[in-house]
Amino acid sequence: MEMEQLVALCKRRGFLFQSSEVYGGLQGFWDYGPMGVELKRNVREAWWRDMVTSHNELDVPPGAPSAFEMTGLDCAIIMHPQVWKCSGHYDLFHDYMVDCRESKRRYRYDQVCGRWVTCKSHRIFVASEVGGKEAEELTQHKAMKFFDLRAKDAAALDWDGPLVSLSTVRDFSQTLGPDAKTLGTLTEPREFNLMFKTIAGALGGEEDTVFLRPETAQGIFVNFKNVCDSTRVKIPFGIAQIGKSFRNEITPRNFTFRSREFEQMEIEFFCRPETSPQWYQYWRGRRYQWYLDLGLSRERLRLRDHEKEELSHYSCGTADIEYAFPFLASGEFGELEGVAHRGDFDLRSHMEGKLVRQDGQLVVELDGEGKPRYRGSGKDLSYLDEVTKERFIPHVIEPSAGADRATLAFLCEAYCEDEAPDEHGKPTRRVVLKFHPRLAPIKAAVFPLVKKDGMPEVAREIYAALKPHLTVFYDEKSAVGRRYRRQDEIGTPFCITVDGQTLQDGTVTVRDRDTLRQWRIPKGECLAELRSRLAM
Ligand code: GAP
């Protein structure tokens, strides 16, 4: 499947629209349409139900070191600015960017790659903003233009090795920027903090500056004590949160994959330090399996452990759950979720102040006068084990997923083209979204075969009976074959049709979206039939 086909379907069928489209759109922001809002809500609800509400704290789940509890929070998007100073986001949450003086475009330094080429005794670096095969073709095309060559002269280009990152280039004067025609128009890389700033209060001074949260996690850490004191949770336990996060990404791209406003589904799981490696392994596997259970294929989903150099300064281990999105080059994967062992970094930072790693130890960062660079809350965020009377700072395992990336992966996986009989019974090309039934925006559609002979009345009765229990859709417009196709394109697992036979024997036809099989059931059994088939 080409990404353009999915993007077009998402617009045509009301899954996703560019935000503020009537004004030309705003890069990095997206609106979910009538189908998209249901799909994403189902993703969020599946996660919340599977991770929180249906979790049984009395049993040991397969692979877990012990039984555990799960609870939830819904924190404010804007938090005290000190939160971001102690968490490290104020100083460290940045990307490097380069600007092009010619095209006036801005690029993320780590995302620009290119190839060295020599021609007409000139060695230059041809940069591209995309990776993979597309970048190879682009650099070839740009080099031909730069050296004023025709297709038959392509052999005059002497390529010097494969694509490499721009960060390997020391002298930018020999670099041809991704959208530039002249050499040396890229600036030196500069730091760019990704947090959105705003003002809280009427005065609007520097001290009123606050930030939109770039992750939901910090709301959980600063409420750790509140949760312990207001509930009876005992370690090990997890606190889950779903909510919006904001990052001023330099180059938002690939549909919703990298947006500036997005939703996260995060768990901070608190445990004893000595059991944390087992919990890390447990959550790694459990979260990977969640995506498989909801329909992502094993061939397109992988669990990748970070190399030591890739780990954040606080992390003792991180694994990414990655999906082979169709906009990536073959063999490339994009991150869906990170599962990180964060040690006691976060709770300690909010107690003591911003931590840095020194000689392998996490210590409070000091300013020139030997005082903490950013003071912590000074509150005791340790945990008292009431049985052993031990006090300790729990270690944290963090499975951190993106609701929009998960939704996008489920959309990509669901997209299928096959053949099905049209309204005249002739096999024709069909686009179908084969969503897992839990995720499908509409669970069933109800149609009268024709708009006469009392069929609409019966169909409306069935629709009204189903509506309080399931998301169902009623449609009596156009030929029934067309109505089936419309439902296939939004991924409705079942269609129920009232026809001539219904009026005689009270049975209706049920059609399966994937197999196209049709069978009859008594009209009063529609809810039970759907419930058993949808496993809901
Ligand atoms: N608390 C840890 C944390 O925020 P992260 O890897 O930066 O870790 C977690 O983000 C998840 O949030 C990612 O795996 C991804 O699914 C999602 N995410 C991060 N940045 C995003 C963006 N710009 N657009 C959409 N989703 C994003």
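Observations on the structure shown:
- Candidate lysines - alpha carbon under 23 Å from K308, same-chain residues fewer than 8 apart omitted: K354
- In plain terms, the chain from K467 to Q518 could stretch by 16.2 nm, reckoned as 0.36 nm per residue minus the Cα-Cα distance.
- The orientation-averaged shadow of the Cα convex hull for the chain, equal to a quarter of the hull surface, comes to 33.0 nm².
- Unit charges on C-beta of K, R, D, E only; dipole of region 442-534, Debye: 240 debye
- Computed from phi, the 3J(HN,Hα) profile of region 297-305 under the Karplus parametrisation 6.51, -1.76, 1.60 (θ = phi - 60°) reads 8, 4, 5, 9, 10, 9, 10, 10, 7 Hz, with x in place of Gly and Pro.
- Spin-label model distance (nm) - D50 vs H122, 7 Å beyond Cα toward Cβ: 5.5 nm
- Cα-centred dipole magnitude for the chain, charges only on beta-carbon of K, R (+1) and D, E (-1), debye, nearest 20: 1200 debye
- Global form of region 1-94, assessed from the alpha-carbon gyration tensor, a/c cut-off 1.5: oblate
- For region 280-430, convex hull of alpha carbons as volume per residue, Å³: 199 Å³
- Part-to-part distance (alpha-carbon centres) for region 214-263 and region 339-369, which is given in Å: 20 Å
- Here the relative contact order of the chain, from alpha carbon pairs under 8 Å that lie six or more residues apart, stands at 13 percent.
- Pairs from K145/K197; K234/K371; K133/K244; K104/K145; K197/K371 whose Cα-Cα separation, in the structure shown, is over 32 Å: K145/K197; K234/K371; K133/K244
- Under a 5 Å amide H cut-off, with hydrogens placed 1.01 Å from N, G491 pairs with L433 among residues at least 5 apart or on other chains.
- Euclidean distance between Cα centres, region 89-168 to region 416-453, Å: 46 Å
- Working note: Karplus 6.51/-1.76/1.60 with θ = phi - 60° gives region 106-117 the couplings 10, 10, 7, 3, 6, 9, 8, 10, x, 9, 7, 9 Hz, where Gly and Pro are set to x.
- Karplus-derived 3J(HN,Hα), 6.51/-1.76/1.60, for each residue of region 70-83, Hz, glycine and proline x: 9, 9, x, 8, 9, 9, 5, 6, 9, 10, 4, x, 4, 3
Each value in this text was obtained by applying a stated rule to the coordinates, not by laboratory testing. Owing to the predicted nature of the structure, the values given are computational and were not obtained by experimental measurement. Neighbour counts are summed over all protein chains in view; Cβ atoms, including those assigned to glycine, are modelled from backbone coordinates with ideal geometry.
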